[in-house]
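Here's the structure we're looking at; comments come further down.
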Amino acid sequence: MRLSILLPLIHCVAFSRGTTAFPGPTGTLLQSNRTVAPDDSSKMVWHQDNRQNPTEATPSLRSTVALIRKGRARVVNGFLVPNSERMAQRQNYCDSVRFRFEPVPASCTGVLVDDDIVATAGHCVGSGTWSAYYYVFGFNTAERSNILSIPMSEVYEASALIGANYGTGTRRSDWALVRLSRSVSDREAVETRRMGRVAAQHFFVIGHPNGLPAKTTRRRSGLDSLSMMLNNGPSAYFEARLDTFGGNSGSPVFNAMTEQLEGLLVRGDSDWVRAWSRGRSCIRESNCPRDRGTRGLDRGIIRCEGEGVVRATEFAGALDRARKMKDVEARMTSKYDVEPIEGKSLFPVGVTGDDSSASVRIRFPSWDALSRAKATGPDGGEALARVDLSVEAYHSVSTCEMTAALLSPSGNSIDLGSLCSPTVSLDAHVLALALPPPASVCEPSNNKKEASEIPENEQTPTCTDTRPWVVEIRDRQKRGDTTVMSASLSLIFAPAKEWKTTVQPLQMIRASTTQQTETGEGQSFPSFSSRAAGVSLEFSLKEGELNTDSSGSPHKEQMVTDWSLFLSVRLPGELPSSFDPLMVEVESGQGDRGENGDGGRRRTFTVSHHQEDPTGEVSVNLGGSLSEEERVFFYGVSPHGVWKVRLFRETGRELGPVEKPSMTLMVAERQ
């Protein structure tokens with residue numbers, strides 16, 4: 001919906017705009033940006049539509065990409081020719097509707113965030129449609145005069161869906177990262193916020209409203225004193241006054257002062273309302289606050305609460321991981337393809353089960369012995385750097401409804417997320433691969449010594465040399481008509497000396513409630529027993545850890561690749577439910593990277609992985625081993641600084657004592 005920037009105008013103002021021409025309804029050339037009179041129902045303009053055709057090819061404009069469905073364009077002599085249907089051909093628009101004689105081939109918008117990665121709204125591509133689009137740069141009037149003839153050098157296809165989050169949980173996160181079929185060499189990726197809360201009060205959007213050539217809302221003159229930020233509270237998104245429409249989904253939302261990418265436009269109020277103009281009924285853009293309480297034509301009652309912008313920090317971790325995996329691929333020394341133990345004759349195999357569990361397990365040979373043997377070669381040898389799972393499957397709705405998990409020979413499970421893309425990649429720097437196996441799986445053994453005499457770092461669970469790896473594929477829809485046609489694993493090895501990984505338990509340095517505060521190293525936490533509306537915990541690395549390498553020099557690069565949080569909390573009264581869940585907010589340390597805004601990367605989790613006993617004690621387990629989405633969120637942040645954890649009930653009910661809290665990081669260091 002168009003939520004205009006508030007400007008106190010008391011008369012109509014005409015602006016001089018660009019002169020790009022588009023065919024009119026009778027074949028004549030009409031100026032798409034001509035000034036028109038308002039609808040008869042509006043005698044005075046109070047709020048201004050700031051959309052305009054760009055006249056300068058700024059870096060932010062050049063990084064913006066149009067998602068055009070392949071069925072709405074054709075390739076002719078090395079040029080992409082989009083569908084020429086004009087906006088006016090779709091609806092009976094009022095004469096005041098701007099840009100209505102321009103073509104509307106685009107479906108969504110995206111932005112270049114790395115040399116071969118585009119960020120967009122998850123609802124645009126997350127249902128498996130990422131390969132159905134052309135990703136088109138330069139679909140704007142600043143870069144070309146003929147908007148319907150675009151050189152194929154500016155047109156890209158997608159090779160993979162790196163990650164996406166849409167339609168899961170109540171956080172209302174909505175994003176996707178798409179890898180392009182080739183790198184973009186002549187355009188710069190935008191600077192993306194990686195940490196901290198948005199502190200800006202003014203923004204601008206570039207995108208393709210209604211499928212039009214790119215429009216920008218960047219101001220021609222100074223910003224007014226009225227803040228565009230309406231709601232900065234939600235964990236996954238914020239709401240702001242922005243002039244946007246359908247087709248703007250995935251549009252980059254930039255900080256008006258720094259031009260840093262703050263997020264992606266993903267939703268809003270109704271775009272259109274019925275009006276009466278020049279003696280006829282027609283459709284015009286909705287306007288806030290004038291149309292507050294009016295029933296819109298496409299999304300119900302107009303509330304004027306702001307357009308939803310998913311925070312850039314929601315996909316920053318997935319982007320950091322994609323960059324690291326690309327670095328691993330560039331340094332790859334060997335690759336091994338592994339077929340199932342049962343061979344190809346296993347397939348096709350159905351994903352079956354009752355209503356509570358529909359899954360299939362596929363066994364693969366263990367590579368533990370191979371990994372250790374390769375790590376003993378010259379110069380430290382090779383180390384397992386990445387595992388790729390390739391699955392060809394049929395699902396009656398979408399393979400995005402299928403998920404996969406990897407069960408290691410040591411008994412640890414690793415969530416791989418959804419199977420929207422045929423290949424799912426797991427970097428090997430995860431806690432599940434580094435932690436020792438449970439005692440129930442393997443016991444240390446040595447023919448010459450008792451286990452108690454063997455140093456802990458030399459104890460090897462020998463049974464993992466022969467235990468299989470297992471891929472478990474699940475169907476979230478549980479329809480019973482899902483089939484796996486093939487599955488294989490690829491093991492990617494890289495020089496062991498490139499990256500060193502360590503498991504770093506954090507120490508708790510502070511615990512507090514609304515009633516009292518206790519601090520100091522070595523105390524037993526928590527030392528409070530009274531009930532509280534919220535509990536806050538703080539963790540950090542032990543002094544001196546990870547600061548320097550063996551020579552005393554600062555490490556070249558350190559990043560978190562996995563994390564885990566364990567604790568127990570007593571909940572007086574009713575246990576968590578969908579109506580009153582336990583919420584856990586986790587915020588990373590800021591390290592030494594100062595950014596605009598406050599704090600580190602922050603996310604609020606609705607606790608679903610918990611166990612409870614009759615006394616009201618709930619055990620909370622958060623982190624990568626249970627959810628790839630949770631693990632990747634903090635990927636790439638610095639391990640340094642104070643990590644903060646806050647527990648609360650959504651309804652404000654009291655919490656009892658928190659017991660046995662522990663937090664662990666997996667840290668990768670470039671050597």
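The values are calculated or read from the model by the stated rules, or taken from the named source; none is laboratory data. This structure is a prediction, so every number in the text was calculated from the model and none was measured. A quick note on method: Cβ atoms are made from the backbone with ideal geometry, for glycine too, and the neighbour counts reach across all protein chains shown.
List of remarks:
- Counted residues, segment 162-186 - those being out of contact with any Gly (no Cβ under 8 Å at 6 or more places or on another chain) and crowded, with 17+ Cβ neighbours inside 10 Å: 5
- Taken over segment 204-251, residues that are closer than 30 Å to residue 148 by Cβ and of a type in the set (Phe, Trp, Tyr) amount to 2.
- Qualifying residue in segment 174-193 (condition: out of contact with any Pro (no Cβ under 6 Å at 6 or more places or on another chain) and closer than 26 Å to residue 296 by Cβ): yes
- Strands (runs of 3 or more DSSP E) completely within segment 41-152 that count 2 or more residues being crowded, with 18+ Cβ neighbours inside 10 Å and within 22 Å of the chain's Cα centre (by Cα): 64-69, 108-114, 117-120, 133-137
- Count of segment 321-342 residues which are assigned to a strand (DSSP E or B) and of a type outside the set (Ser, Thr, Tyr): 3
- Strands (runs of 3 or more DSSP E) wholly inside segment 480-541 that include at least 3 residues being modelled with pLDDT of 75 or more: 482-495, 499-505, 507-513, 534-540
- Count of segment 313-362 residues which are of a type in the set (Phe, Trp, Tyr) and farther than 30 Å from residue 117 by Cβ: 1
- Qualifying residue in segment 567-574 (condition: within 28 Å of residue 313 (Cβ to Cβ), modelled with pLDDT of 75 or more, of a type outside the set (Gly, Ala, Ser) and surrounded by fewer than 18 Cβ atoms within 10 Å (Cβ to Cβ)): no
- Residue within segment 201-215 that is out of contact with any His (no Cβ under 8 Å at 6 or more places or on another chain) and of a type in the set (Lys, Arg) present: no
- Criterion (touching a Ser or Thr at 6+ places or on another chain (Cβ under 9 Å), closer than 28 Å to residue 395 by Cβ and in contact (Cβ under 8 Å) with a residue 60 or more places away in the chain) met by exactly one of 142, 158, 164: 164
- Residue that is surrounded by the fewest Cβ atoms within 10 Å (Cβ to Cβ) [pool: residues in segment 245-302 that are under 22 Å from the mean Cα position of the chain (by Cα) and among the acidic types (Asp, Glu)]: 259
- Residues that are in contact with an Asp or Glu (Cβ under 7 Å, 6 or more places away or on another chain) and more than 30 Å from residue 639 (Cβ to Cβ), drawn from segment 289-337: 296, 298, 299, 302, 303, 304, 305, 306, 307, 308
- Answer residue from segment 273-323, given it is without any contact (Cβ under 8 Å) to a residue 40 or more places away in the chain and aliphatic (A, V, I, L, M) and is farthest from residue 241 (Cα to Cα) among those: 297
- Exclusive hit being modelled with pLDDT of 95 or more and of a type in the set (Asp, Glu), set 95, 114: 114
Residue by residue, here is whether (1) closer than 21 Å to residue 668 by Cα; (2) in a strand (DSSP E or B); (3) modelled with pLDDT of 85 or more holds:
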| position | (1), (2), (3) |
| --- | --- |
| 387 | yes, yes, yes |
| 393 | no, yes, yes |
| 404 | no, yes, yes |
| 411 | no, no, no |
| 425 | yes, yes, yes |
| 438 | no, no, no |
| 442 | no, no, no |
| 449 | no, no, no |
| 452 | no, no, no |
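- A search for C-beta distances below 6 Å between a residue of segment 251-272 that is assigned by TED's automatic domain parsing to the domain that holds residue 301 and within 22 Å of residue 317 (Cα to Cα) and any residue that is in a strand (DSSP E or B) and of a type in the set (Lys, Arg), counting only pairs 6+ apart in sequence or on different chains, returns 263/311.
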